[in-house]
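Data block below; observations after.
The values are calculated or read from the model by the stated rules, or taken from the named source; none is laboratory data. None of the values given here were measured: they were computed from a predicted structure. Cβ coordinates were reconstructed from backbone atoms using ideal geometry, including for glycine residues, and neighbour counts include every protein chain displayed. Areas reflect the complete protein model, heavy atoms only, side chains present, ligands, DNA and RNA absent. Shrake-Rupley method; radii C 1.70, N 1.55, O 1.52, S 1.80 Å.
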Amino acid sequence: MRREISLKKGLDLNLKGSIDKSDTTPVAVGRVAVVPDDFQGFVPKLDVKEGDEVTQGQSLMHDKNAEAVKLASPVAGVVKAIVRGDRRKIMRVEIDACREKNGTTTFEVNPDSAESIKAALMESGLWALMRQRPYDIVPNVAKQPRDIFVTAFDSAPLAPDLSLYVKGKEKEIEAGTKALKMLTPGNVYISVRKGEDIKVPQQATEVLVSGPHPSGNAGVQAANIAPVDKGDTVWTLDIVTLARIGDLMLNRTVDWNVTVAVTGPEVYEPRYVSTVAGAEIAPLLEGNVKSDDRHHRIISGNVLTGITTSGDGFIHYPYRQITVIAEGDDVDEFMGWASMSPNKMSVSRSFPSWFMRKKSFAPDARINGGRRAMIMSGEYDKVLPMDILPEYLIKAAIARDIDKMEQLGIYEIAPEDMALCEYVDPSKIEIQKIIRDALDYMRKELDD
Amino acid sequence: MLKKYLDRMKPHFEPGGKLHAFHSVFDGLETFLYTPETTSKSGVHIHDSLDSKRVMIIVVLALLPCLLFGMYNTGYQNLLGSGATEFPFWSIMAYGFLAILPRIIVTYVVGLGIEFAVAQWRGEEIQEGFLVTGILIPLICPIETPVWMLAVATAFSVIFVKEVFGGTGYNIFNVALVTRAVLFFGYPAQMSGDHAFIATKPILGLGGTVTYADGISGATPLGQIATANGGDFVIHNIIGQPISDWDAFLGLIPGSFGETSTLCILIGAAILLFTGIASWRIMASVVVGGLFMGFIANTFATPTYPASYLTPLQQLLYGGFAFAAVFMATDPVTAARTGLGKYIYGFMVGVIAVIIRTYNNGYPEGAMLAVLLMNALAPLIDYCVVQTNISRRMRRLKAKTEQAS
């Protein structure tokens, strides 16, 4: 089966620091970290203590509410530190990789039994890599998904080309699709960017997607294929995770190696490096960040949804990308609001950059203005390719009006889908945070 | 250097400093002069360069042609009325400048003063909304409006139309238009009729004294039409010469300060539309609404309502219609905010403006009331549009549950 969707709304941001060649530089693995906060909805309980030796794939934490769901260690080594924050909250578990101990955990799985597949996914840590709508959380083990949506491309600014990740993994993708198909009575949709060469297995429904970012977000694709209604549950994941699931089905192990795209305007030589999930960022960037006396912001992920790593310095799930931009807190700009500089990045035609469609920019992290009430109207609609009225949804979210949020489609949305709304907003409202908080609030109130 | 000075002054305005009571003013000035160094703390790491300061400044920029032409027209009308035969450009401009300057200063001082005080009281940053309002108010009032009235009306509407609702971005009604409405209903004698629209006295030796000859009035074209008796009438200017549509397009007619020249308003419209700051949906549908209703009125023209003899095009050229379409109806805060809602809102503004000016001889101009009325109805229009989105979702859900059962 094959479908095609063409998304008109959205925005591709042209940033400096894109990768133009696909060869990968290997980087030795030192320390890695698993951060439970990257897995929304997962309440961590430790399975290891400091000093424990772990094998690759061994469980580090399990979910307090669903004990079978685990977070696995991506390397074999020694638990070096368990970092806690306020009220002893677990911030991350750090592991030192040891090359001599390269034990790998193998998992039992019967690819013909849904129960066995589920158990293996949870035990291996792959379950936690998927997301559930509503709420954009790690899937609830008690709920059967109506459909499963797999995205085969990442449309975010400077994002890595996912087709490199799945080259030669047709077998794994097929096995993964077969396994997921066992878990849903509905369809497994795999969305491929139109024009890209990724083979979609028979069991799945192929969807050809064209259009600017956020067309690569699984949730946006879902909203345009079969929207999530109240009471529905769907899963979203990307094709790299799908290949890992297939690997588990075929080889009984999980491959935690990952290729990371090092990008951004403050990087000398944008390139791919190969390492493992959760690796420390400093070795990946060594000697590659511009020494131009500017403050830098190192982002694990892309500039729209990524996480600032000033706090810890590890790659956060689900990102396979590092973006380095200038922080910008050291710039004194006289009357910036009146600027006609061609280096100002904007969707507004009041800046000359609008005439330079091909130009790429090096923006910094300044919010370029002050926080205001919503003044301009219709700005968000231009970058959200879903049948949703973003302004009203945001207002309902701020007002914590559960009925209104339901009616306006909160179940269909994840914060990442509205990242571009936040980027274009002249009132500089923290939209993703508002949506995240509203989703958490709803889940708590509805006890879901 | 300026930056160093600001940095040196800053500690005085921080909590505990001796000038902390004025920190909003200081912050306002600092962010006006220098782009804030605040960087994003959550969500996206980069933000678009457009901010509300730039939005407001572009609107002010778009208003400049109207402001400059208003100066010229004020001087010109004064010279014309006082019987001059020569019209030297610079002295006309100087006269107009001197005539409008106190009005602009007073509205800004009163309005910004209240904004600063409220921002300080609420502990917020000063917002730039009044930058636009403060220039709009003198532009939409007759030049002879006493300055103290402007001050009273501005204070009233800034406090009761904007601040009590929460400040910029929260108001229901257009602040500038409410100011004009307060003047219009509070001081009708000074705000309309024959003598409000032309500056009559010399200022600093410039200009002349206007004396109204018998049977000749300084009323606006729409004012003359509203008081006309019977079918044939000719719109004339202050010295009794007829006014053509071309004069009305250029704006050399009596009227409120900045809204006479359709040409300058079109320049402003081009700036707003090109930069995307104003909604083309609203602007276009106001014009369509005006033409539509103008056509109906003209088709059924009757001597009872002399304004119905105006052609649809004349409806757009005369009075404040064009100004309202471009600068008033498009205020994003008080207009409809949904895509479809904007079409309905704009169309209704156009229709109602023409209905009021045509079928109510007591109000020669209906644009102001039409926009204010639709400001009140905009949330209702949006509610209906949002409801269609909601019911689409609910229908989908219902179809699904029926299928399941």
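Mean-square fluctuations from a GNM of chain B, with a 10 angstrom spring cutoff on Cα atoms, peak among B:Q315, B:Q241, B:Q190 at B:Q241. Of the residues B:S49, B:V326, B:Q77, the one whose Cα sits farthest toward the positive end of the charge dipole of chain B, with +1 on the Cβ of Lys and Arg and -1 on the Cβ of Asp and Glu, is B:S49. Per residue, the convex hull spanned by the alpha carbons of region A:143-294 comes to 144 Å³.
Can you pull the percent of chain A's accessible area that's carbon plus sulfur, 1.4 Å probe, other chains left in place? The partial results should precede the final answer.
On the way: 8210 of 17610 Å².
Of the solvent-accessible surface of chain A, carbon and sulfur hold 47 percent.
Only the Cβ atoms of Lys and Arg (+1) and of Asp and Glu (-1) were treated as charged; on that basis the dipole of the protein assembly as shown about its Cα centre amounts to roughly 620 debye. With chain A treated as a Gaussian network of Cα nodes joined by springs under 10 Å, which of A:S73, A:S18, A:S291 yields the largest mean-square fluctuation? Ranking A:S73, A:S18, A:S291 by mean-square fluctuation puts A:S291 first. Extension gain, A:L250-A:K64: 0.36 nm per intervening residue step, less the Cα-Cα distance, totals 64.0 nm.
For chain B, which DSSP H helices look membrane-span-like by this rule: Cα extent along the axis of 24 Å or more and mean Kyte-Doolittle of at least 1.0? Could the numbers behind the result be given before it?
Details: long enough: B:52-81 (42 Å, 1.11); B:89-122 (47 Å, 1.28); B:280-299 (28 Å, 1.34); B:339-359 (30 Å, 1.25); B:367-404 (54 Å, 0.30).
Membrane-span-like by this criterion, though nothing is claimed about a membrane: B:52-81, B:89-122, B:280-299, B:339-359.
Pair-distance distribution of chain A: all C-alpha pairs, bin width 20 Å, starting at 0; shares per bin in whole percent are 25, 60, 15, 0. Between A:Q58, A:V29, A:A76, the Cα set farthest toward the positive side of the dipole of region A:1-117 (charges on each charged residue's Cβ, about the Cα centre) is that of A:V29. Summarised in one figure, the compactness ratio Rg/Rh of region A:296-425, Cα atoms and Kirkwood Rh, is 0.99.
What is the extension gain from B:E402 to B:A117, computed as 0.36 nm multiplied by their sequence separation minus the C-alpha to C-alpha distance, in nm to one decimal? Using 0.36 nm per residue and subtracting the Cα-Cα distance, I get 96.8 nm.
Pairs of alpha-carbon atoms within less than 8 angstrom and 6+ residues apart define the contacts here; what relative contact order does chain B have, in percent? Numbers along the way, then the final one.
Numbers: 641 pairs, mean separation 63.0, N = 405.
RCO, chain B: 16 percent.
Summarising the label geometry, the points placed 7 Å from Cα in the beta-carbon direction at A:T24 and A:C98 lie 2.7 nm from one another. Buried on complex formation within region A:259-303 (loss of at least 30 square angstrom of accessible surface versus the isolated chain, 1.4 Å probe, ligands and nucleic acids ignored): A:R297, A:V303.
Can you give the charge dipole size of region B:278-405 about its Cα centre, rounded to the nearest 20 debye, using +1 on the beta carbon of Lys and Arg and -1 on the beta carbon of Asp and Glu?
Values: 10 positive and 4 negative charges, 156 e Å.
Computed about the Cα centre, the dipole is about 740 debye.
Across all Cα pairs in chain B, the calculated P(r) in 20 Å bins from zero up to the longest distance comes to 25, 52, 20, 3, 0 percent per bin. For region A:38-107 versus region B:247-307, the inter-centroid distance based on Cα atoms is 69 Å. Close amide H contacts of A:F314 (hydrogens built in the peptide plane, cut-off under 5 Å, sequence separation of 5 or more or a different chain): A:I281.
Working note: 222 nm ellipticity from helices only, DSSP H runs with n ≥ 4, each -39,500 (n - 2.57), summed and divided by the residues of the protein assembly as shown, gives -12000 deg cm²/dmol to the nearest 500.
For chain A, what is the relative contact order in percent, using Cα pairs closer than 8 Å and at least 6 residues apart in sequence? Walk me through the numbers on the way to the answer.
On the way: 1001 pairs, mean separation 81.8, N = 448.
The value is 18 percent.
For region A:35-103, the average shadow cast by the Cα convex hull is 4.4 nm², which is a quarter of the hull's surface.
GNM on chain B, alpha-carbon springs under 10 angstrom: the most fluctuating residue among B:S285, B:S91, B:S261 is B:S91. For region A:218-278, chymotrypsin sites (Phe, Trp or Tyr not before Pro) meeting the loop criterion (DSSP other than H, G, I, E, B) and having at most 13 other Cβ atoms within 10 Å: none. Across the options B:I282, B:L369, B:T388, the greatest Cα extent toward the positive end of the charge dipole of region B:278-405 (unit charges at beta carbon of Lys, Arg, Asp, Glu) belongs to B:T388.
Across region B:278-405, the mean sequence separation of Cα contacts (distance under 8 Å, 6 or more residues apart), normalised by length, yields a relative contact order of 29 percent. For region A:189-256, the solvent-accessible area of protein heavy atoms averages 29 Å² per residue (probe radius 1.4 Å; ligands and nucleic acids excluded). The simple spin-label model puts a point 7 Å past each Cα toward its Cβ; for A:D197 and A:D387 those points are separated by 3.7 nm.
Summarising the label geometry, the points placed 7 Å from Cα in the beta-carbon direction at B:Y187 and A:F334 lie 4.1 nm from one another. For region A:379-447, the convex hull spanned by the alpha carbon atoms encloses 72 Å³ per residue. The apolar share of the surface of region B:138-287, taken as the fraction of accessible area on carbon and sulfur atoms (1.4 Å probe, ligands and nucleic acids excluded), comes to 66 percent. For the protein assembly as shown, the alpha-carbon radius of gyration amounts to 1.13 times the rule-of-thumb value 2.2 N^0.38 Å expected for a compact globular protein. Calculated from the alpha-carbon coordinates, region B:278-405 shows an Rg and a Dmax of 18.2, 67 Å respectively. The A and B chains share an interface that buries close to 5900 Å² of accessible area, total over both sides, probe 1.4 Å.
If you stretched the chain out fully between B:Y363 and B:L377, how much longer would it get, using 0.36 nm times the residue separation minus the C-alpha to C-alpha distance?
Using 0.36 nm per residue and subtracting the Cα-Cα distance, I get 2.9 nm.
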